[in-house]
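Only the coordinates and a few stated rules stand behind these numbers; no lab work does. Since we're looking at a predicted model, the values are computed, not measured. Cβ placement follows ideal geometry from the backbone for every residue including glycine, while neighbour counts extend to all protein chains displayed.
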Amino acid sequence: MAGVEFLPREYGYVILVLVFYNLLNFWMATQVGRARKRYKVFYPTMYATEAENKDAKLFNCVQRGHQNSLEMMPGFFMLMILGGIKHPVICASLGAVYTISRFFYFKGYSTGDPRKRLTIGKYGFVAMLGLMICTISCGVHMLIA
């Protein structure tokens, strides 16, 4: 394929993991939309207040689960895209772990007990550390090659 010969063939795995993360993000957004209807928190309100809504904490936990995933997305994408140039299989594997852990992070957070977000969700932070190491390795390799 013209234009991408400089990327290893396995970089396709990196691309697929990024697409799966986008699908997960879309699913989380639909869950927030459902929570808006269920808990009666309408736009443009970003977070509910307990003074106005008895289910504020439940809604806010769903919203925060998605919002935190959005906040982490740019760093995750950058590390996947750059680290995957040199280490596509490792980055794709770490990215898959991160994506799966984000699903459980969101599901745990959505229970209304924020502590449950870290049961399996904590492994996403380990995956991010691995992605950082791969990206540093890629940068160092480019400088010394």
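Couplings 3J(HN,Hα) for the stretch 82-89, derived from phi with the Karplus relation 6.51 cos²θ - 1.76 cosθ + 1.60 (θ = phi - 60°), are 7, x, x, 4, 9, 10, x, 6 Hz, where x marks Gly and Pro. Total lysine pairs in the stretch 16-138 at Cα distances under 19 Å, for residues eight or more apart or on different chains: 9. The charge dipole of the chain, taken about its Cα centre with unit charges on the Cβ atoms of Lys, Arg (+1), Asp and Glu (-1) only, comes to about 620 debye.
Pairwise Cα separations in the stretch 89-145 fall into 10 Å bins from 0 onward with the following percentages, short to long: 26, 37, 22, 11, 3, 0. The chymotrypsin sites (Phe, Trp or Tyr not before Pro) found in the stretch 1-110 that occupy coil by DSSP, while having at most 13 further C-beta atoms within 10 Å, are 6, 42, 47. Neighbour counting of Cβ atoms within 10 Å sorts the residues 45, 135, fewest neighbours leading, into 45, 135. Taking a ≥ b ≥ c as the square roots of the Cα gyration tensor eigenvalues, with a/c under 1.5 meaning rounded and otherwise prolate when a/b beats b/c, else oblate, which class fits the chain? In terms of gyration-tensor shape, prolate. What the phi angles of the stretch 95-112 give under the Karplus curve with 6.51, -1.76 and 1.60, with θ = phi - 60°, is a coupling list of x, 5, 4, 4, 5, 5, 5, 5, 4, 5, 4, 5, 4, x, 4, 5, 6, x Hz, glycine and proline written as x. Would you please give the FRET efficiency between residue 10 and residue 78, computed as 1/(1 + (r/R0)^6) with r the Cβ-Cβ distance and R0 = 30 Å, to the nearest 0.05? Working from the Cβ atoms, E equals 0.95.
By the count of neighbouring beta-carbon atoms within 10 Å, fewest first, 133, 85 end up ordered 133, 85. Taking other Cβ atoms within 10 Å as a rough exposure proxy, 87, 141 sort from fewest to most as 141, 87. Can you compute the label reach from residue 120? Point 7 Å from Cα along the Cβ direction, backbone N cut-off under 13 Å, restricted to the stretch 82-103. Under 13 Å, as judged by backbone N against the label point of residue 120, lie 97-103 of the stretch 82-103.
Sequentially through the stretch 21-36, phi angles give Karplus couplings (6.51, -1.76, 1.60; θ = phi - 60°) of 5, 4, 5, 4, 4, 4, 4, 4, 4, 5, 5, 5, x, 5, 5, 4 Hz, Gly and Pro residues having no value and appearing as x.
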